[in-house]
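What follows is calculated from the coordinates using simple rules that are stated; it is not laboratory data. Being a predicted model, the structure only gives us computed values, none of them experimental. Reconstructed Cβ throughout: ideal geometry from the backbone, glycine too, with neighbour counts over all protein chains shown.
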Amino acid sequence: MEAILKDPAGAVIGLDFDGTLAPIVADPASARIHPEAPPVLAELGRYVNAVAIVTGRPVATALRLGSGLADAPGSTDASGRTDAPGLADVPGLVVLGHYGFERWEDGRVSAPPPPPGVLEAEAELQLLLVSLGVKGVAIEDKGRAVAVHTRRSADPEGTLEALREPLAALAKKHGLVVEPGRLVLELRPPGMDKGHALGLFLAERAARSVMFVGDDLGDLAAFDAVRNSGLPGVNVCSGSAEVTALAERADIVVDGPDGVVALLRELASAFKGH
């Protein structure tokens, strides 16, 4: 943390979205960014090299949910901007969506075409769940990935365990990998993860220090990228009772999105005081 405080212009601040900037909810489509996060990120952006959201969500979804007005009709246009301040209004923000397959910057999205294996796996997924007798799960179409959430089932943990092997087999059949998360299993293309995305971004920006904030198993790769970057780095866990693996490897543990926002606010205040 000392290197970041002494030289904020060289620091990259990377953050996950769900569970880090937005509280985890039963229906992922109902997630909303912490209302104080966008202004705090905007303040941070005045001092640091870059602020980057690194998420498994599609860029458009992260920007929509990052507005806090995801249910407002007509509130989002193709650039992700909304009728109220949100992530899209944070100056200089970069959003690396789909684990880095997509990128949003300066109102523009760049991404390769969706891999055919995702569409094929999704087409088979519903029949697979029926054949297994699994009930109460939600399928989330993420464009370049498809996720199965068990949070609303009668036995979320048991259902998750029952689905691990069948979904691994389905993923392998279509050239995909399974990304585990907080009561979710996601089928996505191989070749990119949050660690790889963060590492490439650090090199691109010639970062001199780095902080990454995450909450879930998919963020472990980003933690590793911080450790392996050769830069002064800080890993921060947005703590929860559901996932403990990150807390065990974090330099700092805070209390969920409220704690994340409080930490970022303290950091911005420290920069302002210099």
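Table for the structure above
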| item | result |
| --- | --- |
| Residue among 256, 42, 25 farthest towards the positive dipole end of the chain, charges placed on Cβ | 42 |
| Label-point separation in nm, residue 258 to residue 141, each point 7 Å along Cα→Cβ | 3.7 nm |
| Separation of alpha-carbon centers, region 99-171 and region 188-230, rounded to whole Å | 23 Å |
| Charge context of residue 159, other residues only, Cβ under 14 angstrom, K/R +1, D/E -1 | +1 |
| Under Karplus coefficients 6.51, -1.76 and 1.60, residue-wise ³J(HN,Hα) of region 244-251 in Hz, glycine/proline x | 10, 4, 6, 4, 5, 10, 8, 7 |
| Under 5 Å, built H, 5+ apart or other chain: amide partners of residue 253 | 237 |
| Gaussian network model of the chain, springs between alpha carbon atoms under 10 Å - residue of 105, 157, 186 with greatest fluctuation | 157 |
| Nearby lysines by direct alpha-carbon distance to residue 272 (threshold 24 angstrom, same-chain neighbours under 8 apart not counted) | 6 |
| Net dipole in debye of the chain [+1 Lys, Arg Cβ; -1 Asp, Glu Cβ; about Cα centre; nearest 20] | 480 debye |
